[in-house]
1. Under 5 Å between amide H atoms, partner at least 5 residues away or on a different chain: which partners does residue 10 have, H built in plane at 1.01 Å?
2. Work out from phi, with θ = phi - 60° and the Karplus expression 6.51 cos²θ - 1.76 cosθ + 1.60, the ³J(HN,Hα) of each residue of the range 99-107, listed in order in whole Hz, and give x for Gly and Pro.
3. Provide the per-residue ³J(HN,Hα) series for the range 37-46, in order, calculated from phi with Karplus coefficients 6.51, -1.76, 1.60 and θ = phi - 60°, each as a whole number of Hz, with x at glycine and proline positions.
4. Sort 18-27, 46-55 by packing, meaning the average of other beta carbons within 10 Å per residue, with the highest value first.
Amino acid sequence: MTRCGTMPELSLSQAAKITGKSKSTINRAIKTGKISATRHDDGSYSIDAAELARVFRTNPTTGSEWIGAAPNENPTRTALLEVEVAALKDRLAREAEIAADLMKERDAWKQQATALLTAPPKPRRWWPWGR
């Protein structure tokens, strides 16, 4: 579920904190189809920050209202930045875990290739039809 976009995916509580709405309001918007969200196996949701911006009219990069508000006047800007930092830290941790797994697989393949190359060849029989 890793995306290449720059907008972080937010949990239900993070989305509620950014928009200033309750979790039940965000959940109701998801259930009615106003917001699209990805549901995980454990029942939690991932909501794209752009979806929140579209429905609740907040700027996804600053957290401020689109119409005439300065970035310093809205406390949700800090909350959005904190959520974005947390999402980026999670993504970095996942990428580090993937890199570690790939290195383990690489080392296993390297060990197997080395074992195959250093193994003595089977002797060939003189008579090709018999066993």
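Values in this text are rule-based calculations from the coordinates and carry no lab data. Please read all numbers here as calculations on a predicted model, not as lab measurements. Ideal geometry is used to build each Cβ from the backbone, glycine not excepted, and the neighbour counts take in all protein chains shown.
1. 47, 48, 49
2. 4, 5, 4, 5, 5, 5, 4, 4, 5
3. With coefficients 6.51, -1.76 and 1.60, one gets 9, 9, 9, 8, 5, 7, x, 7, 10, 10 Hz.
4. Listed from highest to lowest mean packing, they are 46-55, 18-27.
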